[in-house]
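Data block below; observations after.
Every number in this text was worked out from the coordinates using simple rules, so none of it is lab data. Predicted model only: the values in this text are computed from it and were never measured. We place every Cβ from the backbone using ideal geometry, glycine too, and count neighbours over all the protein chains shown.
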């Protein structure tokens with residue numbers, strides 16, 4: 001899939017079929033995330049792949065989007081390693097670049113994914129559930145699976161609102 | 001260009017030929033940025049396209065990467081609109097997704113670009129130079145042009161370091 005087409009046709013996918021995501025597909029999604037740019041090339045991203053039904057249910061219990069995580073073939077919890085960080089704003093931006101690569105890769109592989117951020121309200125409990133020290137700061141959970149439907153609509157502001165000036 | 005190929009072959013391009021980036025190319029890069037995901041779909045990104053030599057020189061004077069901005073056909077200053085923001089971490093992540101879309105689009109168009117973050121040290125002066133109120137928080141400047149060379153090497157950590165666990 002062409003990169004521009006991927007950027008424009010990617011949607012947040014929240015409903016999945018029961019078809020499984022393969023380990024190779026998960027590896028490709030993680031690899032794509034790892035090729036994001038980061039300040040000083042510090043690569044602060046760390047991943048936990050949550051595939052078992054038990055652990056997915058535990059995670060699901062920590063967000064109001066429970067249904068999405070339960071219905072996905074795999075959930076990928078994405079963390080920022082505090083020991084690798086150098087600047088909050090820039091590291092969080094880099095994490096966003098990483099997450100976007102993962103979403104685009106999922107879409108390019110014919111899968112669907114959604115970026116779940118609300119679960120950050122209970123990030124401490126996520127670390128406990130995944131037995132991770134506080135060194136790892138939860139950034140988002142991606143739910144990934146085979147889309148139950150496609151071509152969902154989405155809207156963006158017009159360029160006249162986004163482009164402040166040209167000089 | 002395939003989306004995965006774009007993700008893996010994108011590099012930070014800091015040396016440019018004198019060939020110009022067209023207004024249509026700039027529009028495509030901005031449009032790609034605007035299709036990033038954002039929390040609550042708040043789309044906090046705002047753009048200033050800096051093409052004139054005078055303004056580029058002014059911007060260039062505010063970073064130690066002066067040469068890169070002076071040598072680029074166009075600089076795109078990317079801001080976060082504080083009035084659209086709802087959560088610093090999530091908005092900065094969304095801005096990173098937007099910037100990554102812009103870098104990938106540049107690469108997909110056969111152009112080269114680099115994400116400049118060091119200029120944030122002088123963000124207040126950037127706002128003054130571009131006559132923008134403090135409502136707009138500088139996130140990064142992208143320098144964009146035609147690459148003087150390609151296939152630059154880059155490295156990433158191995159998956160054994162990035163994948164903390166599978167469960």
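Compute the distribution of all C-alpha to C-alpha distances in chain B, in bins of 10 Å from 0, and list the percent of pairs in each, rounded to whole numbers.
For chain B, the pair-distance distribution reads 10, 37, 36, 15, 2, 0.
Rounded, prolate or oblate: pick one for region A:68-167, where a ≥ b ≥ c are the square roots of the eigenvalues of its C-alpha gyration tensor, a/c under 1.5 means rounded, and failing that, prolate if a/b is larger than b/c, else oblate.
Values: a/c = 2.28, a/b = 1.17, b/c = 1.95.
Oblate shape, in that a/c is at least 1.5 and b/c is the bigger or equal ratio.
Give the relative contact order (percent, whole number) for region B:19-148; include only Cα pairs under 8 Å separated by 6+ residues. Write down the numbers at each step before the final one.
Values: 221 pairs, mean separation 45.1, N = 130.
Relative contact order for region B:19-148 comes out at 35 percent.
At a threshold of 8 angstrom on Cα-Cα distance, excluding pairs fewer than six apart, so keeping six or more, what relative contact order does region B:59-126 reach in percent?
On the way: 30 pairs, mean separation 27.1, N = 68.
The value is 40 percent.
Please report, for residue B:70, the nm distances (one decimal) from its label point, 7 Å out from Cα along the beta-carbon direction, to the equivalent points in the remaining copies, shortest first.
For residue B:70, the other copies' label points sit at 6.2 nm, shortest first.
Subtracting the Cα-Cα distance from 0.36 nm times the residue separation, let me have the gained length for residue A:12 to residue A:124 in nm, one decimal. Provide the component values of the computation, followed by the final result.
Values: separation 112, 0.36 × 112 = 40.32 nm, distance 2.52 nm.
Net length gain for the segment: 37.8 nm.
When only C-alpha pairs under 8 Å and at least 6 residues apart count, what is the relative contact order of region B:91-151, in percent? All intermediate terms of the calculation are to be shown ahead of the outcome.
Details: 50 pairs, mean separation 22.7, N = 61.
Across region B:91-151, relative contact order equals 37 percent.
Given the rotation relating B and A, tell me which residue in B puts its Cβ closest to the axis and the distance in Å.
Result for the axis mapping B onto A: B:96, 1.
Return the distance in nm (one decimal) between the two label points of a simple spin-label model at residue A:159 and residue A:24, each offset 7 Å from Cα along Cα→Cβ.
Rounded to a tenth, the inter-label distance reads 4.0 nm.
Measuring from centroid to centroid over Cα atoms, what is the spacing of region A:144-167 and region B:111-127 in Å?
24
Given label points at 7 Å from Cα along Cα→Cβ, what nm distances, shortest first, separate residue A:52 from the same residue in every other copy?
Sorted ascending, the copy-to-copy spacings read 6.3 nm.
Measuring label to label, 7 Å along Cα→Cβ, what does residue A:159 give against each other copy in nm, shortest first?
3.9
Scattering from the C-alpha atoms of the protein assembly as shown alone, worked out with Debye: what is log10 I(q)/I(0) at q = 0.10, 0.14 1/Å?
The Debye formula, applied to the Cα set alone, gives -0.54, -1.06.
As a test of the formula, what do you get for chain A when each DSSP H run with n ≥ 4 contributes -39,500 (n - 2.57) and the sum is divided by the residue count, at 222 nm and rounded to the nearest 500 deg cm²/dmol? Walk me through the numbers on the way to the answer.
Details: 7 runs with 65 residues, N = 167.
Mean residue ellipticity at 222 nm (helix-derived): -11000 deg cm²/dmol.
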